[in-house]
Amino acid sequence: MLLYPNKDKFLINKEDCYLILCFCAEWCATCRQYKQKLSILSEQLKKHTFYWIDIEDNYELVGDEDITNFPTLLVQIDEKTVFYGSIDSNIDYLNMIIRTVTNNNKNIATKLPNIWKILEE
C-alpha cells in the first residue's frame with residue numbers, strides 16, 4: 001500500500017522491512033504516471049513500507065536536500081540509507097534495487113532530515 005505523510009500511520013516494525021520513499025511533485029506528469037506504478041509495486045511487495053512524498057506539500061521531509069530530478073528514491077533499512085538518487089521512471093528499476101540492496105550496503109550520506117523521526121510524529 002502506498003502511504004502518505006500526515007495521512008497514514010508510520011508502520012515499519014516488521015522484520016526485513018525496507019522504508020521506500022518516492023520524492024516527486026504533483027505538477028510533474030512523469031511523477032503522476034510513476035505514482036500509479038509505485039502503488040502497484042507496493043501492493044506486490046507488502047512487507048515493505050512505501051511513501052509518496054510530494055516535495056511541495058512535505059517540504060519538512062526534504063530538509064536541505066536539493067531534489068531536482070524526478071522520481072528521486074530513498075531506500076532505508078533500519079534507518080540506514082542504502083539507496084538514494086533519481087532513477088528512470090521504469091518501475092522495474094526500483095524493483096531491482098529493492099531486490100539487491102541489503103543492510104550490508106554502505107550507508108549513503110544525504111542532507112535529508114531524520115525521516116523516521118518525522119514520520120513517527
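The values are calculated or read from the model by the stated rules, or taken from the named source; none is laboratory data. From a predicted model like this one, the values you see are computed outputs, not experimental measurements. We place every Cβ from the backbone using ideal geometry, glycine too, and count neighbours over all the protein chains shown.
Yes/no matrix, rows are residues, columns are (1) surrounded by fewer than 19 Cβ atoms within 10 Å (Cβ to Cβ); (2) over 21 Å from K7 (Cβ atoms):
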site: F23; (1), (2): no, no
site: C31; (1), (2): no, no
site: L38; (1), (2): no, no
site: W52; (1), (2): no, no
site: I67; (1), (2): yes, no
site: V82; (1), (2): no, yes
site: S86; (1), (2): yes, yes
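Among (1) at pLDDT below 95; (2) within 14 Å of the chain's Cα centre (by Cα), there is one condition F83 misses while meeting the rest; what is its number?
For F83, the failing item is (1).
Of the residues D57, D8, D16, only one is within 16 Å of F83 (Cα to Cα), out of contact with any Ser or Thr (no Cβ under 6 Å at 6 or more places or on another chain) and surrounded by fewer than 18 Cβ atoms within 10 Å (Cβ to Cβ); which?
After ruling out the rest, the residue left standing is D16.
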